[in-house]
Every structure is written in C-alpha cells, then in structure tokens.
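Here's the structure we're looking at; comments come further down.
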Amino acid sequence: MPEPLDLPFGAGIDDDQLWSQVLNRVQNVPGIPPLGDLRRPALFLDRDGVIVEDAHYLHRPEDVRMIPGAAEVIARANTLGVPVIVVTNQAGIARGKFAWQGFVKVQETIIETLDSQGAFLNAVFACPHHKDGKAPFDNPNHPWRKPNPGMLLEAAQRLPVDLSKSWLIGDREADVRAAKTAGLQGALHVLTGHGQDAGEREGAVALDGDGFQCLTAESVGEAGEVLPILGK
C-alpha cells in the first residue's frame with residue numbers, strides 16, 4: 001500500500017489527477033503599478049531539462065541537479081515582479097515509474113534550493129497523463145499535457161497573468177507549441193535536456209511567426225540576456 005501523501009503548502013491534486021500549487025502571491029514592486037486588477041507578463045518554465053538536469057524520471061531528491069543560471073534567472077524575474085510558473089509533464093507517474101510522493105520530494109528540494117539562492121516560484125502545475133499511462137493517468141491527449149496549452153491557461157485563471165505578454169522557456173518543441181497555442185508572446189528554446197534531440201530545435205524554430213516569437217539559447221542561464229520580459 002502506498003504511503004499517505006502529505007501535500008505541501010498551496011498544493012492540491014484534483015479529481016483528474018492534476019497537480020497545482022500556488023506558492024507565492026505576485027508581489028508589488030516599486031516602479032510598477034500596483035496589481036489590483038492588472039495582469040502581468042509571466043515567465044513560464046518547463047522543469048526537467050530547463051531548471052534541473054533531466055535525470056530520466058526524476059523522483060529522488062538526491063538526484064536533483066540545478067542547471068547553472070536557472071536560479072539567477074528566476075531571481076531576476078522575482079525582482080521585476082514577473083510571476084514565475086513551472087509547467088511540467090510528468091509521464092513517469094503515468095508509467096508507474098514513481099508516484100506523487102517522489103514528485104513532492106523533488107519539488108520540495110527544488111524550492112529549498114532556489115530559496116537558498118534568493119529565488120522563488122509563484123506556482124507549479126503538473127500533468128501526469130500519457131497515452132501509455134496506467135489508469136487513472138491514461139488520458140491519451142489530456143488538455144493539460146504539453147503540447148496542449150491547458151496548464152498555461154489554468155495558470156492565467158489562478159494568477160494575475162497576461163498571457164499575450166508572457167514567455168516560456170523549454171527544451172522541447174512541445175513546450176514551444178504549448179506557448180504558441182496559449183497565445184504567449186514567445187518562447188525560448190534551450191539546448192539543455194532534450195533540446196539537442198533530433199528535430200527539437202528545428203520544430204521549435206518553425207513555430208516562429210504569426211505574431212509569436214521563438215528565440216534560441218544554449219541554456220536558461222542566457223535568458224536574462226535575450227528575453228524582453230527580463231529587461232534584456
């Protein structure tokens with residue numbers, strides 16, 4: 001029998017087995033109009049391969065390795081009052097490689113590590129569904145699973161986010177496609193994680209156009225130099 005799941009602060013798993021966690025309210029920043037009803041551009045981040053090294057079904061906290069520059073980019077967004085939102089597919093849960101307990105332990109490690117480096121996340125959304133998953137995680141095309149835009153759209157319901165001015169950083173074409181479908185201003189494709197796999201960068205760059213921008217970089221550490229949302 002699996003151990004009882006002790007959900008951390010701000011987290012919930014709904015009847016559709018979708019994870020959402022709102023950790024920090026979007027802060028007011030001197031020089032930026034108070035929030036009120038104002039929606040702000042957000043920075044969406046894929047997790048594995050962007051914030052942390054892709055450890056192939058990462059579920060043990062001792063395997064968490066932060067990608068250089070990730071904490072600094074998140075901290076910069078924090079300083080600018082830009083909401084930082086993680087949107088992550090978790091097929092390992094669907095395939096039975098690990099359970100929500102492993103996801104929680106990894107997330108808590110990431111959050112603690114960011115905190116030690118002066119950075120924080122505003123929210124985390126995770127979709128465990130996959131076409132090869134075991135019930136109840138076997139929806140073959142769940143609206144939340146990237147390249148579908150569901151996690152980004154849900155974030156805009158839960159936080160004061162202006163999707164049309166927001167950006168996403170991801171290592172897969174599916175991340176970039178989700179950003180475009182959700183109506184984001186653009187995405188940054190990075191070569192860490194699966195970013196160097198055959199066809200990933202080519203597929204991501206091909207999505208540039210129709211009012212959507214796809215930029216490229218070696219890793220998330222370069223985001224502060226190229227993303228308009230971070231005041232490049």
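Lysine pairs in the chain with alpha-carbon atoms under 23 Å apart, 8 or more places apart or on different chains: how many are there?
14
Within a Cβ distance under 13 Å of Gln17, other residues only, what is the Lys/Arg minus Asp/Glu net charge?
Net charge around Gln17: -2.
Give me Asp16, Asp54, Asp132, Asp171 ranked fewest to most by other Cβ atoms within 10 Å of their Cβ, as a rough exposure proxy.
On the way: Asp16 14, Asp54 18, Asp132 10, Asp171 29.
Neighbour counts put them in this order, fewest first: Asp132, Asp16, Asp54, Asp171.
Only sites in a loop by DSSP and with at most 13 other Cβ atoms within 10 Å count here; which trypsin sites (Lys or Arg not before Pro) in the range 60-106 make the cut?
Answer by residue number: Arg65.
Which Rg and Dmax, in Å, describe the Cα atoms of the chain?
16.5, 53
Tell me what the chain gives for mean residue ellipticity at 222 nm when only DSSP H runs of n ≥ 4 count, each as -39,500 (n - 2.57), the sum divided by the residue total, rounded to 500 deg cm²/dmol.
-7000 deg cm²/dmol
Could you give the nm distance between label points at Lys131 and Ala55, where each point is 7 Å from its Cα heading toward the beta carbon?
Each label point is offset 7 Å from its Cα along the Cβ direction, giving 2.9 nm.
Say each of Arg65 and Glu218 gets a label point 7 Å from the Cα, pointing the same way as Cα to Cβ; how far apart are those two points in nm?
1.7
Just need log10 I(q)/I(0) for the range 115-193 at q = 0.13, 0.26 Å⁻¹, Debye formula, equal scatterers on the alpha-carbon atoms, no solvent, rounded to two decimals.
-0.46, -1.23
Taken together, the values in this text are just the output of simple stated rules run on the coordinates, not laboratory data. Owing to the predicted nature of the structure, the values given are computational and were not obtained by experimental measurement. Counting neighbours? That spans all protein chains shown, and the Cβs are built from the backbone with ideal geometry, glycine included.
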